[in-house]
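Trainee: Sharing a structure with you now.
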Amino acid sequence: MNGSRTSFLRVAAVCAVVSALTTLPIHLLDFPGNTFEERLALRDNPLYLARFAIIAVHVCLVVVSMLGVALVRRRAAPALTTLGFLGYVLFASVELLRQSLAFFALNRSWRAAYAAPGADDATRAQMETLLAAWPGINDALFHLFIFGFTAGTACYAAALLNGRGLQRATGAVPADARASRAALDDGAATWPRTRRRVALEERPHCGGGRRYRPFCFSHVRLYSASSRHPLSMVSE
C-alpha cells in the first residue's frame, strides 16, 4: 500500500510539472476576435481548435496532482482535503463541459452553420440567436468553474496550515493554487535511490529548515491556465 502511495505521488508530481508547462501555450496563444467575422473564422483555425484539447488535458492533470495533495494530508485533515478535492473535481468537470460546448456547439455547429455556403436567411437568423446567447452560457459555466477552484484552494490552504515546513508555508499563501507543491515535495522526497548515488544539494528554501533532497520542485503554480476568462477564445 505504501509503495502504491509513493508511486502515485510520483505520478502526481509529474502531472503537476506537465500541467505548469501546458499553461504556456494556453496563455501565449492568442487569436483575433474583435469583430463578428474574425470570431466566425476561428472555427477553421487549427491552433485555436488545438487549444481546446490542451485545456482539457491541463485540467485533468491538475485534478491528478491535487489528488496527490489529498493523499498527503488526508489523515491530518480528512474533511478539508475531501471537500477541497471535490472542489477541484467540480472545477475540472465544469471546464471540460465548457470547452466541449465551445468546440462542438459554438464552432462546429453554430458558427459552421452560419458560414455554410448554402445557408439561407432563416438559418443564419437562428444561428445568430444561438451565437448571441453563448456569452451568457459561457459566463454561467465560468462562475461555477471559479467557485469550484476557489473552494478547492481554500480547503487545501486550511488543511495545509496545520502542516509543517513547506506545507504550512504553502497553506499561508492566500487564494493561490500552489497547494500542489506539498504533493510535489512529498513525492520528490520519496523518489527511489539509484545505484549511482545522486549528489544532494542543500535546499533550505524548499521548506522545513535545512534538509537534503535529491529533487526539489519549487515555485510550480498549478492554477488552471483556463482560469483566465477566455473571451477572445470562445465568446461570441
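The values are calculated or read from the model by the stated rules, or taken from the named source; none is laboratory data. What you see is a predicted model; the values in this text were computed from it and never measured. Reconstructed Cβ throughout: ideal geometry from the backbone, glycine too, with neighbour counts over all protein chains shown.
Every residue, every condition in (1) in contact with a helix residue (DSSP H, G or I) (Cβ under 7 Å, 6 or more places away or on another chain); (2) at pLDDT 95 or above; (3) closer than 30 Å to residue 84 by Cα, yes or no:
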{"position": "2", "(1), (2), (3)": "no, no, yes"}
{"position": "14", "(1), (2), (3)": "no, yes, yes"}
{"position": "20", "(1), (2), (3)": "no, no, yes"}
{"position": "23", "(1), (2), (3)": "yes, no, yes"}
{"position": "28", "(1), (2), (3)": "no, no, yes"}
{"position": "71", "(1), (2), (3)": "yes, no, yes"}
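Trainee: Okay, moving on. What's the number of the condition residue 81 fails, among (1) without any contact (Cβ under 8 Å) to a residue 40 or more places away in the chain; (2) part of a helix (DSSP H, G or I)?
Mentor: (1)
Trainee: Anything in the range 27-39 that is buried (at least 19 other Cβ atoms within 10 Å of the Cβ) and assigned to a helix (DSSP H, G or I)? List them, or say none.
Mentor: If the condition is that a residue be buried (at least 19 other Cβ atoms within 10 Å of the Cβ) and assigned to a helix (DSSP H, G or I), then 39 is the only one that fits.
Trainee: Somewhere in the range 95-109, is a residue assigned to a helix (DSSP H, G or I), in contact (Cβ under 8 Å) with a residue 60 or more places away in the chain, small (Gly, Ala, Ser) and surrounded by 12 or more Cβ atoms within 10 Å (Cβ to Cβ)? Break it down into steps so the answer makes sense when it comes.
Mentor: Of the residues in the range 95-109, the ones assigned to a helix (DSSP H, G or I) are 95-109.
From what is left, the residues that are in contact (Cβ under 8 Å) with a residue 60 or more places away in the chain are 95, 98-99, 102, 106-108.
Going one step further and asking which of them are small (Gly, Ala, Ser), we end up with 102.
Next, only the ones that are surrounded by 12 or more Cβ atoms within 10 Å (Cβ to Cβ) stay: 102.
Checking the range 95-109: at least one residue is assigned to a helix (DSSP H, G or I), in contact (Cβ under 8 Å) with a residue 60 or more places away in the chain, small (Gly, Ala, Ser) and surrounded by 12 or more Cβ atoms within 10 Å (Cβ to Cβ).
Trainee: Within the range 111-123, restricting attention to residues that are free of Cβ contacts under 8 Å to residues at least 60 places away in the same chain and part of a helix (DSSP H, G or I), which residue is surrounded by the most Cβ atoms within 10 Å (Cβ to Cβ)?
Mentor: Of all residues in the range 111-123, those free of Cβ contacts under 8 Å to residues at least 60 places away in the same chain come to 113, 116-123.
This time we only want the ones that are part of a helix (DSSP H, G or I), so: 113, 121-123.
Values: 113: 15, 121: 7, 122: 8, 123: 13.
Ranking the qualifying residues of the range 111-123, first place goes to 113.
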